[in-house]
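All remarks here apply to the structure that follows.
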Amino acid sequence: MSDSVPFWLHILAAAVWVGPQFFMFLVTVPALRAIDDPEVRLRVLRIIATRFGWLAWAALLVLVLSGISSLYDRIDDGFDVFDRGQRYYWIFNAKMMLLFLAVVTTALHSFVIGPRQIRLQEEAIAAGERDPEGAAALRRLSIALSGVTLLASVAILYTAALLANHSFSIQPV
Ligand code: HEM
């Protein structure tokens with residue numbers, strides 16, 4: 001039973017990583033737009049962005065560690081996951097490239113665009129402005145980055161399903 005723990009953590013972390021991304025797009029962003037007071041909106045945004053960021057990076061860390069553990073389990077099962085002649089190898093590499101894309105877009109969002117958006121809003125509130133210059137462009141960039149992260153994550157889940165399907169369909173050596 002304890003052998004299943006790393007894989008369970010992997011699936012749990014995948015749920016924690018992907019679920020809130022959907023929630024953010026479909027629930028949180030529209031709800032934030034409904035807040036008229038810019039100060040209250042900014043305060044709520046800051047709490048959501050900080051907690052969402054921690055959750056996402058923690059889930060990613062668990063995904064990578066438990067993913068490496070699952071990979072070693074596959075190797076112990078007799079799969080040659082580094083054999084270029086195997087379909088498993090190519091699907092796994094596609095999964096890693098998508099993961100790289102998701103990490104880059106998440107990092108850009110967490111460390112560059114998000115903080116810039118918050119700073120701009122803070123300055124606008126201090127200056128009594130309602131819609132500061134550059135805010136719309138940053139918002140579009142932020143939505144584009146979240147969209148790419150979400151699509152990459154959904155594609156990673158598909159590669160995970162392909163890997164599982166492939167593992168079931170071939171006999172380990
Ligand atoms: C370094 C990162 C990662 C590594 C090394 C890794 C590795 C693996 C391995 C070896 C498996 C077992 C596949 C099989 O049945 O042969 C697996 C399954 C899975 N992975 Fe990952 N993974 C990583 C990242 C991710 C990410 C970012 C997600 C989600 C967004 C994810 C979601 C899943 C899911 C849901 C499964 C279960 C598939 C199933 O049995 O239906 N993994 N992963």
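Values quoted throughout were computed directly from the atomic coordinates according to the rules given, and no laboratory measurement underlies them. These numbers were taken from a predicted model, which means no experiment stands behind them. Heads up, the Cβs are rebuilt from the backbone with ideal geometry, glycines too, and the neighbour counts pull from every protein chain shown.
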Lys and Arg at +1, Asp and Glu at -1: add these up for the other residues within a Cβ distance under 13 Å of PRO38 and post the number. -2
Work out, in µm²/s and without decimals, the Stokes-Einstein translational diffusion coefficient of segment 57-159 at 25 °C, 0.890 mPa s, Rh from Kirkwood over C-alpha pairs. 151
Longest the chain segment clear of trypsin sites (Lys or Arg not before Pro) sitting in DSSP loops (not H, G, I, E or B) with at most 15 other Cβ atoms within 10 Å runs 1-83
What does the chain give for Rg and for Dmax, in Å, if only its C-alpha atoms count? 19.9, 69
Are there chymotrypsin sites (Phe, Trp or Tyr not before Pro) in segment 24-93 that DSSP puts in a loop and that have at most 14 other Cβ atoms within 10 Å, and which ones? PHE82
With n ≥ 4 as the cut-off for DSSP H runs, can you work out [θ] at 222 nm for the chain, using -39500 (n - 2.57) per run divided by the number of residues, rounded to the nearest 500? -27000 deg cm²/dmol
Sparsely packed GluC sites (Glu not before Pro) within segment 76-171, loop by DSSP, other Cβ within 10 Å at most 12: GLU133
